[in-house]
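K.L.:
Here you go, one structure.
Every number in this text was worked out from the coordinates using simple rules, so none of it is lab data. Worth saying up front: this structure is predicted, and the values here are computed from it rather than measured. Here the Cβ is made from the backbone with ideal geometry for all residues, glycine too, and neighbour counts use every protein chain on show.
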Amino acid sequence: MIQTSLLPEDALPRGFRFAAVKAGLKRSGNLDFAVAIADQLASAAAMFTSNRVKAAPIVVGGRHLERSGGRVRVVAVNAGNANCATGEAGIAACEQICAAAAKTFGVEGHEVFPSSTGIIGVPLPAEKLIAALPKIEQSLAADTAHFSEFARAIMTTDTRPKSAHAWIDAGGRHVRIAGVCKGAGMIHPQLVPHATMLVYIFTDAAVTPAGLNQLLRGAVEQSFNRISIDGDTSTNDTVLLLASGATGVSIDAHHPAFKAALEDVCLSLAKQIVDDAEGVTHVVELQIDGAANDADALRVAKAIAHSPLVKTAWAGSDPNWGRLMAATGYSGAEIDPGRISIWLGDQRICENGGRVADFDEQRAHAYLKNREFTVRIALGMGEGKCRFWTSDLTAEYVRINADYST
């Protein structure tokens with residue numbers, strides 16, 4: 001069971017409290033500092049960006065998880081400043097915030113997990129976040145209103161907060177999963193175990209850190225690693241999964257219902273990010289099949305999803321399928337052009353590498369006017385396949401990113 005609207009109270013995982021305040025980092029004056037507290041030491045698993053330029057909280061968060069053995073009590077997220085490319089001063093600022101949070105909430109410093117999102121290369125004013133901690137402490141609550149404020153506080157160019165939840169029945173007891181995320185631009189996550197996409201998922205199941213790691217890797221690979229808005233991999237991408245154990249229901253990495261529910265939450269959040277892409281007017285599901293292997297299918301999907309020529313054609317609802325062929329050809333996948341077929345929805349527009357004899361351009365154009373549509377490409381090389389979600393590229397995207405820092 002999964003929904004993406006405001007969570008009903010009985011859907012919120014037990015064992016966590018949430019708060020968000022205005023610390024003064026966002027020029028808009030909106031909420032910009034979000035904290036989640038686990039009532040007891042929670043199991044944790046995280047995956048971070050593969051970008052070699054890593055923000056300070058990525059470095060510090062990884063260290064803290066290693067030192068704590070995959071346990072977290074406090075999640076502290078600021079928006080409005082990425083704390084990236086800030087040198088040792090950025091690391092020190094991040095550590096100062098973690099130390100202050102640890103003192104405020106009575107936990108160990110390495111039990112605090114930090115995250116940041118916003119402009120790169122600007123020093124983080126740690127003092128503003130530290131000064132906001134007493135108000136955070138006073139505001140903490142275990143209800144959906146505060147969970148929603150957490151989701152709103154981590155937004156940057158997002159137009160709306162994003163959340164998803166699911167529950168399973170485990171021996172007559174409800175086990176809950178709920179997640180929030182932010183992301184609208186600089187989205188092509190390449191998450192590895194060790195403006196930005198930030199994802200925080202909470203469950204009240206009892207799961208070991210090792211079990212969480214295995215569950216998270218599987219869920220991320222088919223969701224967050226299958227989306228792209230602009231092909232840019234952020235310096236701050238983070239997915240964090242916490243398990244409070246508050247229900248007392250033990251779950252292992254092979255529990256089929258829990259695994260499916262976690263995958264549903266991750267996929268819902270990933271698709272919400274694409275649906276809120278900067279300047280988006282079209283959301284596209286790419287279905288690649290018949291590849292030599294799954295890796296080749298993914299190569300083709302990424303080549304198409306990252307092509308400015310393809311994405312601008314989608315923005316104009318232009319059925320220029322030759323651009324799809326070109327991107328497929330330079331993707332690096334094994335192909336035989338004479339075997340390729342392409343569909344827009346249920347309309348075949350290319351067969352055996354050439355335009356179908358009864359190609360109806362007006363019908364194809366009308367189909368691409370839908371906000372959401374599907375492009376399927378069959379390569380005829382083998383059994384490899386993948387699904388991938390992306391967006392168009394519009395003048396509004398250019399406007400947002402042309403003056404993002406000014």
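K.L.:
Between N30 and A395, what is the FRET efficiency for a Förster distance of 25 Å, r being their Cβ-Cβ separation, to the nearest 0.05? Can you show the working numbers first?
P.N.:
Values: r = 26 Å, r/R0 = 1.03.
Working from the Cβ atoms, E equals 0.45.
K.L.:
Reachable lysines from K259, Cα under 28 Å, same-chain residues fewer than 8 places away excluded?
P.N.:
Here the lysines satisfying the reach criterion relative to K259 are K162, K182, K271, K302, K385.
K.L.:
Of T117, T203, T328, how do they rank once you tally other Cβ atoms within 10 Å and put the fewest first?
P.N.:
Values: T117 32, T203 35, T328 22.
By the 10 Å Cβ count, ascending, the order reads T328, T117, T203.
K.L.:
Dipole of the chain (Lys/Arg Cβ +1, Asp/Glu Cβ -1, origin at the Cα centre): which of I168, C98, I251 lies farthest to the positive side?
P.N.:
C98
K.L.:
Cut-off is 10 Å between beta-carbons; in what order do L269, L344 appear when sorted fewest neighbours first? Intermediate results must be reported in sequence, preceding the final value.
P.N.:
Details: L269 26, L344 20.
Exposure proxy ranking, most exposed first: L344, L269.
K.L.:
Dipole of the chain (Lys/Arg Cβ +1, Asp/Glu Cβ -1, origin at the Cα centre): which of P337, A89, A357 lies farthest to the positive side?
P.N.:
Working it through, the farthest residue towards the positive pole turns out to be A89.
K.L.:
Pull up the DSSP beta bridges for the chain and report the antiparallel fraction as a percent, rounded to 5.
P.N.:
Details: 56 of 80 bridges.
Rounded to the nearest five, the antiparallel share is 70 percent.
K.L.:
Order these by the 10 Å Cβ neighbour count, fewest first: C350, C266.
P.N.:
Working: C350 20, C266 29.
Starting with the residue having the fewest Cβ neighbours, the order is C350, C266.
K.L.:
Let me ask something else. Calculate for the chain the 222 nm mean residue ellipticity that helices alone would give, adding -39,500 (n - 2.57) per DSSP H run of length 4 or more and normalising by residue count, nearest 500 deg cm²/dmol.
P.N.:
Numbers: 11 runs with 134 residues, N = 406.
Mean residue ellipticity, 222 nm, calculated: -10500 deg cm²/dmol.
K.L.:
Which cross-chain or sequence-distant (5 or more) residues have an amide H under 5 Å from the amide H of N293, H modelled 1.01 Å from N in plane?
P.N.:
Amide H neighbours of N293, under 5 Å, 5+ apart: G384.
K.L.:
If I model a spin label as a point 7 Å beyond the Cα along the Cα-Cβ vector, how far apart are those points for R371 and D403 in nm?
P.N.:
2.6 nm
K.L.:
Also, quick follow-up: Can you list which of the GluC sites (Glu not before Pro) found in the range 327-361 are DSSP loop residues with at most 10 other C-beta atoms within 10 Å? Please report the intermediate quantities before stating the final value.
P.N.:
Details: sites: E334, E351, E361; in loops: E334.
Loop-located and lightly packed - none at all.
K.L.:
Further question on the same structure: What is the extension gain from R67 to A89, computed as 0.36 nm multiplied by their sequence separation minus the C-alpha to C-alpha distance, in nm to one decimal? Walk me through the numbers before you get to the answer.
P.N.:
Details: separation 22, 0.36 × 22 = 7.92 nm, distance 2.16 nm.
So the extension gain works out to 5.8 nm.
K.L.:
Just checking my list (1) 63, 42, 41; (2) 71, 54, 34; (3) 64, 59, 38 against Cα extents along the principal axes in Å computed from this structure; which label fits?
P.N.:
Matching entry in (1) 63, 42, 41; (2) 71, 54, 34; (3) 64, 59, 38: (2).
K.L.:
Using θ = phi - 60° and the Karplus form 6.51 cos²θ - 1.76 cosθ + 1.60, what ³J(HN,Hα) does each residue of the range 216-224 get, whole Hz, x for Gly and Pro?
P.N.:
With the stated coefficients, the range 216-224 comes to 5, 4, x, 5, 5, 4, 9, 10, 5 Hz.
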